[in-house]
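These notes concern the structure reproduced below.
The values are calculated or read from the model by the stated rules, or taken from the named source; none is laboratory data. What you see is a predicted model, and the numbers here were worked out from it, not measured in a lab. Every residue, glycine among them, receives a Cβ derived from its backbone with ideal geometry; neighbour counts consider all protein chains shown.
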Amino acid sequence: MSTAPTPAAGAGSSGRLVSLDALRGFDMFWILGGDAVMQILGAMGGNGPLRFLAHQFDHKAWEGYVFYDLIFPLFVFIVGASIVFSLSKLVEREGRAGAVKRVLLRGALLYAVGLFYSGGVSTLWPDIRLLGVLPRIALAYTAAGLLFCCFKPRALAGIAAAILVGYWALLALVPIRDVQIERDAVPRALGVAKPTLAQAQALYEGTTARATGGYEPGRNLANHLDFLYLPGRKYDLYYDPEGLLSTLPAVATCLLGVFAGLLLRRPDFDERKKLLWLVAGGAAAVVLGHLWGLQFPIIKKIWTSSYVLVAAGWSLLLLAAFYWAVDIRKWRGWCGPFIWVGMNAITLYVASNLLGYRRISARLAGGDVKAFFDGLAPRLGDLGIAVVGTLLMLWLARFLYQRQIFLRL
């Protein structure tokens with residue numbers, strides 16, 4: 001881990017973009033408290049626009065997307081963009097071998113932190129979750145980082161395209177057993193309230209009919225491979241939204257971020273040209289993703305190729321907006337809190353698990369304080385706890401930023 005200060009200047013001598021740090025912080029802000037504030041505001045009633053905004057912070061159950069479904073791929077995309085700035089300088093200083101070593105070390109450390117975040121070895125082996133949010137980021141970063149070190153941009157584009165098309169081909173064309181291995185479907189099929197894993201396996205193995213092109217929960221190749229081959233605890237009982245096969249398109253998401261980083265680092269493009277390419281690329285990706293989604297549905301929980309394009313498109317458009325406001329127009333007063341968070345995003349994310357901003361805020365604004373505000377308006381006390389928790393997170397982010405403490409793997 002490094003505590004050395006990292007300048008957050010424009011893409012000048014440091015090669016660092018303030019907009020990239022601010023966008024990373026914007027993304028993490030919603031994960032670490034902003035989402036709860038919006039959801040409670042929506043639950044309190046209010047007008048139509050407020051309810052619509054609150055709905056944007058409630059994940060889609062399966063197909064389709066709202067704003068909150070774009071948060072995770074946006075972070076992976078930003079990781080890809082950051083790869084260009086960090087590894088390019090590392091290759092210049094230490095050569096390709098040094099960069100590869102660094103990628104492998106950082107990926108392993110981030111994966112280990114992810115296991116720790118999910119409980120580490122506090123439980124017996126069958127209940128340890130091997131994959132999750134941080135492990136997926138670690139795997140996507142490692143794969144994209146190694147590819148960036150070893151291949152030129154044109155080859156990277158071919159690899160990203162091959163991943164997206166190949167993933168579609170696997171899910172659309174490979175025959176699977178025509179059975180839904182899903183939390184609610186298995187009990188219905190067996191007529192048992194709480195079936196054992198052995199009973200679910202017997203149901204799967206006893207199904208002889210085959211089908212292709214399935215995208216239902218528990219009836220698709222990605223979920224079936226998790227059921228068969230992913231050891232340990234799975235988030236959705238029989239499969240994991242950050243599962244084995246769906247890690248491949250997550251690598252493509254990271255590579256698309258690499259292309260954005262390459263664009264922003266081009267010395268022969270002025271700021272206006274970079275902005276136009278970001279906007280055009282983002283709009284094109286959103287349109288292509290929706291068109292592909294007519295045949296290959298947009299589904300976050302199996303990270304479909306259409307979802308990759310849509311999420312990358314919106315990521316490009318958000319990056320364009322931040323790049324224009326923060327690095328071109330130099331409007332930076334409004335985004336200070338996002339920069340604080342963005343410079344220590346993973347640290348604050350892990351701290352949310354260890355410290356629990358909401359748990360601490362409940363000690364400050366719960367009990368009689370909450371009851372008093374709930375008496376003024378329904379859920380007002382819950383809103384107060386959510387706001388205090390978010391402010392605690394921002395205070396920690398500001399504390400670290402002001403002291404130039406940037407904890408990095």
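Just need a number here: residues in region 378-402 that are among the aromatic types (Phe, Trp, Tyr) and not in a helix (DSSP H, G or I).
0
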- Note on the structure: Just one listed residue, out of Gly213, Gly232, Gly206, is under 18 Å from Leu139 (Cα atoms) and surrounded by fewer than 17 Cβ atoms within 10 Å (Cβ to Cβ), and it is Gly232
- Message: So Phe322 passes all but one of these: (1) outside any helix (DSSP H, G or I); (2) out of contact with any Pro (no Cβ under 8 Å at 6 or more places or on another chain). Which condition number does it fail?
- Response: (1)
- Kindly check whether there is at least one residue in region 217-230 that is touching a residue at least 24 places away in the same chain (Cβ under 8 Å) and acidic (Asp, Glu). no
- Message: Within region 124-157, take every residue that is buried (at least 21 other Cβ atoms within 10 Å of the Cβ) and among the aliphatic types (A, V, I, L, M) and give me the one that is nearest to Lys234 (Cα to Cα).
- Response: Leu131
- Conditions: (1) within 25 Å of Gly119 (Cα to Cα); (2) touching a residue at least 40 places away in the same chain (Cβ under 8 Å); (3) among the aliphatic types (A, V, I, L, M). Val387 meets all but one. Number of the miss? (1)
- Query: Can you spot a residue in region 6-23 that is more than 15 Å from Ser315 (Cβ to Cβ), surrounded by fewer than 18 Cβ atoms within 10 Å (Cβ to Cβ) and either at pLDDT 95 or above or β-branched (Val, Ile, Thr) (or both)?
  - Reply: yes
- Give the residues of region 356-377 that are closer than 15 Å to Ile40 by Cβ and surrounded by 13 or more Cβ atoms within 10 Å (Cβ to Cβ), sorted by residue number. Tyr357, Arg358, Ser361, Ala362, Ala365, Gly366, Lys370, Phe373, Asp374
- Item | Flag if Leu109 is surrounded by 21 or more Cβ atoms within 10 Å (Cβ to Cβ), within 24 Å of the chain's Cα centre (by Cα), farther than 23 Å from Lys301 by Cα and of a type outside the set (Ser, Thr, Tyr) | no
- In region 329-349, what count of residues is obtained for those that are in a helix (DSSP H, G or I) and crowded, with 17+ Cβ neighbours inside 10 Å? 11
- Item | Residue pairs meeting the criteria (Cβ under 6 Å; at least 6 apart or on separate chains; first more than 16 Å from Gly80 (Cβ to Cβ), in region 127-143; second at pLDDT 95 or above and of a type in the set (Phe, Trp, Tyr)) | Pro135/Tyr111
- Item | Output for region 191-201, where each listed residue is assigned to a loop (DSSP other than H, G, I, E, B) and hydrophobic (A, V, I, L, M, F, W, C) | Val192, Ala193
- Quick one: would you say Thr247 is surrounded by fewer than 24 Cβ atoms within 10 Å (Cβ to Cβ), hydroxyl-bearing (Ser, Thr, Tyr) and over 27 Å from Ala61 (Cα atoms)? no
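Looking at region 177-190, which of its residues are exposed (fewer than 12 other Cβ atoms within 10 Å of the Cβ) and in a loop (DSSP other than H, G, I, E, B)? Spell out the reasoning first.
Let us first name the residues in region 177-190 that are exposed (fewer than 12 other Cβ atoms within 10 Å of the Cβ), namely 184, 188.
Scanning region 177-190 gives a single hit, Asp184.
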- Check on Val121, among the aliphatic types (A, V, I, L, M) and surrounded by fewer than 19 Cβ atoms within 10 Å (Cβ to Cβ): yes
- Message: I'm trying to understand the selection: among the residues of region 40-96, which are in a helix (DSSP H, G or I), small (Gly, Ala, Ser) and in contact (Cβ under 8 Å) with a residue 24 or more places away in the chain?
- Response: Ala43, Gly80, Ala81, Ser82, Ser88
- Query: Which residues, taken from region 97-133, are aliphatic (A, V, I, L, M), assigned to a loop (DSSP other than H, G, I, E, B) and closer than 17 Å to Val76 by Cα?
  - Reply: Leu131
- Query: Does region 151-161 hold any residues that are under 13 Å from Val308 (Cα atoms) and out of contact with any Leu (no Cβ under 7 Å at 6 or more places or on another chain), and which are they?
  - Reply: Ala161
- Item | Selection count, region 333-380, where residues are touching a Gly at 6+ places or on another chain (Cβ under 6 Å) and acidic (Asp, Glu) | 1
- Item | Breaking point among (1) in contact (Cβ under 8 Å) with a residue 60 or more places away in the chain; (2) over 20 Å from the mean Cα position of the chain (by Cα); (3) assigned to a helix (DSSP H, G or I), for Tyr307 | (2)
